[in-house]
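Input: a single structure, listed below in structure tokens.
The values are calculated or read from the model by the stated rules, or taken from the named source; none is laboratory data. From a predicted model like this one, the values you see are computed outputs, not experimental measurements. Note: ideal-geometry Cβ built from the backbone for every residue, glycine included; neighbour counts use all protein chains shown.
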Amino acid sequence: MRREDKAPAGSMRYPGAAAIAFITLIVGSIWLQSREGLPEPVAVVTAEVSRPKIAKAKPPALSDQVLAFAAFAKEDLPTQSPGARASTASGMRLLAQAIAARGNSVLWRDRAKRLEEAAMKVEQAADSTAAAQLAHDTLVQVADWIAGLPRVVGGHEAMRSAARSIAPGEPLRDQTGKVEEFFGAVARALAGANNTST
């Protein structure tokens with residue numbers, strides 16, 4: 001009797017297990033290829049978030065421009081009264097610097113520029129009456145601007161009243177007292193003074 005050739009021992013002993021191992025290997029290989037190029041998982045770190053301490057803002061100190069204007073209104077202006085147009089224009093320029101510093105914004109810098117231009121027109125006006133017209137219109141507007149400035153304490157009505165009292169039809173040289181009162185009122189308002197005495 002002829003013996004049939006037998007397969008080597010153990011080669012096909014567990015055909016099902018070999019097939020499963022092969023399939024697992026293929027699936028695992030496909031899965032690994034599909035994972036390539038994906039970002040690594042992000043590690044989530046939890047930490048206690050501390051809120052920053054917000055320091056209370058201190059009110060800013062008076063600027064040099066405000067102090068210079070206040071000094072001008074209190075001391076220099078009365079000595080310059082005989083040159084009414086020159087002293088008014090000088091006060092308007094100092095006032096422009098003061099409101100630009102106190103307002104600290106594009107709007108207030110633009111207003112300061114307009115005030116400086118008005119000062120030049122007052123100085124170069126054809127006569128003292130024309131200068132008074134320009135000064136009246138400008139200073140009434142300025143009084144309203146300053147009333148809306150941040151950190152200005154009181155004196156709003158005093159400024160407006162003094163500005164309106166400058167008569168546009170009278171020569172500016174005859175109204176030096178009214179001009180002085182206007183600049184004094186504005187200086188007190190910008191400096192944050194509570195009193196209204198000159």
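Residue count for the stretch 134-148, restricted to those that are closer than 17 Å to I166 by Cα and free of Cβ contacts under 8 Å to residues at least 40 places away in the same chain: 6. Count of the stretch 115-127 residues, restricted to those that are farther than 16 Å from E180 by Cα and either in contact with a Lys or Arg (Cβ under 7 Å, 6 or more places away or on another chain) or part of a loop (DSSP other than H, G, I, E, B) (or both), is 6. Note on the stretch 142-179: residues that are assigned to a loop (DSSP other than H, G, I, E, B) and not polar (S, T, N, Q) total 14. Of the residues screened, A131 is one that is closer than 24 Å to T176 by Cβ, of a type in the set (G, A, S), without any contact (Cβ under 8 Å) to a residue 60 or more places away in the chain and in contact with a helix residue (DSSP H, G or I) (Cβ under 9 Å, 6 or more places away or on another chain).
Number of residues in the stretch 86-108 that are of a type in the set (K, R) and at pLDDT below 90 equals 1.
Taking each residue of the stretch 149-169 that is over 17 Å from H136 (Cα atoms) and looking for partners that are among the small types (G, A, S) and outside any loop (DSSP other than H, G, I, E, B) with beta-carbon atoms closer than 8 Å, six or more apart or interchain, yields L149/G103; P150/G103; V152/A189; V153/A189; G154/A189; G155/A185; G155/A189. Among the conditions (1) of a type in the set (S, T, Y); (2) surrounded by fewer than 16 Cβ atoms within 10 Å (Cβ to Cβ); (3) under 27 Å from the mean Cα position of the chain (by Cα), the only one that T138 does not satisfy is (2). Counting just the residues of the stretch 62-106 that are within 24 Å of the chain's Cα centre (by Cα) and outside any helix (DSSP H, G or I), which one comes out farthest from G184 (Cα to Cα)? Checked the stretch 62-106; the qualifying residue farthest from G184 (Cα to Cα) is S105.
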